[in-house]
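Derivation of every value follows stated rules applied to the coordinates shown; laboratory data play no part. Note that the structure is a prediction, hence the values are computed from the model and not measured. Positions of Cβ are backbone-derived with ideal geometry, glycine not excepted, and every protein chain shown enters the neighbour counts.
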Amino acid sequence: MITLYQFPISHYCEKARWALDYKNLPHTIKNLLPGPHVKQVMALAKTSEVPVIKHKDHVIQKSNNIVDYLDKIFPEKSLTPEDEATRLQALEWEQFANKEVGVNLRIFFYHTLLKHPDILIPIFTHQGPWYGKIFMKLFFPQLRKTMIRYMRINDESATQARIDLKLAIDKINAHLVNHQFLAGDQFSRADLATAALLAPLIQPEKYGVPWPSQLPPALQTTIDEWSGELEWVRKIYKDYR
């Protein structure tokens with residue numbers, strides 16, 4: 001049995017969840033609390049980053065490595081193209097999404113959401129330990145400071161992240177004008193990674209967290225403004241998630 005250690009809110013963890021579900025692999029999910037997760041994850045892996053999967057005696061950390069491992073051990077419904085040129089293209093898009101979408105979206109979102117513990121705490125503690133909400137209410141101020149420092153979040157970085165995120169979306173859509181998928185002619189890890197990392201902008205039900213009915217205006221305005229440019233993400237979720 002595979003165990004996935006994760007944060008429900010994390011779009012990088014969504015990549016791992018999606019890969020496991022897409023390949024129909026039986027697994028259990030262990031939702032961790034941000035902060036206390038450090039001790040738990042460091043008992044398994046070299047750093048405190050999630051996602052992490054444990055399968056038999058193997059511990060795999062980071063979403064890219066998890067997809068690599070799953071395709072190697074469970075090759076059915078492979079997410080990595082066999083053709084070498086297409087494989088390299090898929091990996092290039094995946095790396096682009098990790099850096100230009102994943103990082104920028106995280107900075108942009110948390111710049112606002114860390115000011116709203118009423119929104120974040122239910123998501124951070126979703127299906128986690130029974131004491132999660134009590135602990136998080138007490139620990140949140142310290143967690144907020146740590147996340148701001150670790151992710152280098154400030155007004156300037158959030159403004160730049162929004163600009164860079166929009167440029168990334170534009171590049172993705174420019175490629176998709178003449179292509180159904182990002183690499184080759186079938187769904188691959190490139191599409192999974194890109195759609196998963198953009199998912200907070202469309203808040204799909206299949207993501208598996210209790211999205212708030214309304215986000216703060218600083219985020220909701222941008223989501224509404226970009227809605228028409230995210231149709232491909234919605235379609236990928238509809239068809240492959």
- Item | Distance-filtered residues of the range 85-115 - backbone nitrogen under 11 Å, label point 7 angstrom along Leu176 Cα→Cβ | none
- Item | Separation of the Asn24 and Lys145 label points, Cα + 7 Å toward Cβ, nm | 5.1
- Shape category assigned to the range 48-177 from the gyration tensor of Cα positions, a/c cut at 1.5: oblate
- For the range 2-73, what is the Kirkwood hydrodynamic radius in Å, using each pair of distinct C-alpha atoms? 12.0
- Item | Kirkwood hydrodynamic radius over Cα pairs of the range 34-100, then Stokes diffusion coefficient at 4 °C and 1.567 mPa s, in µm²/s | 96
- Note on the structure: Rounded to the angstrom and largest first, Cα extents along the principal axes for the range 1-125 equal 46, 32, 25
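State, as an integer percentage, the relative contact order of the range 2-73 based on alpha-carbon contacts under 8 Å between residues 6 or more apart. Write out the running numbers ahead of the final one.
Working: 100 pairs, mean separation 26.4, N = 72.
Reported as a whole number, the value is 37 percent.
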- Item | Positive-end extreme of charge dipole, the chain - chosen from Phe96, Tyr207, Thr3 (charges on Cβ) | Thr3
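When only C-alpha pairs under 8 Å and at least 6 residues apart count, what is the relative contact order of the chain, in percent?
Values: 302 pairs, mean separation 60.0, N = 241.
After rounding, I find 25 percent.
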- Message: If you average the alpha carbon positions of the range 1-74 and of the range 203-234, how far apart do those two centres end up, in angstrom?
- Response: 25
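Using 0.36 nm times the number of residues separating Lys115 and Leu167, minus their current alpha carbon distance, what extension gain do you get? Let's see the in-between values first.
Values: separation 52, 0.36 × 52 = 18.72 nm, distance 2.59 nm.
Stretched out fully, the Lys115 to Leu167 stretch lengthens by 16.1 nm.
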- Query: Quick one: of the DSSP bridges fully inside the chain, what percent are antiparallel, nearest 5?
  - Reply: 60
- Angstrom value of the Kirkwood radius, inverse mean 1/r, which spans all Cα pairs in the chain: 18.5
- Query: What translational D, rounded to a whole number of µm²/s, comes out for the range 156-220 from Stokes-Einstein when the hydrodynamic radius is the Kirkwood one over Cα pairs, at 37 °C and 0.692 mPa s?
  - Reply: 238
- Pick out the long, greasy-scoring helices in the chain: whole DSSP H runs spanning 30 Å or more along their own axis by Cα, mean Kyte-Doolittle at least 0.0. none
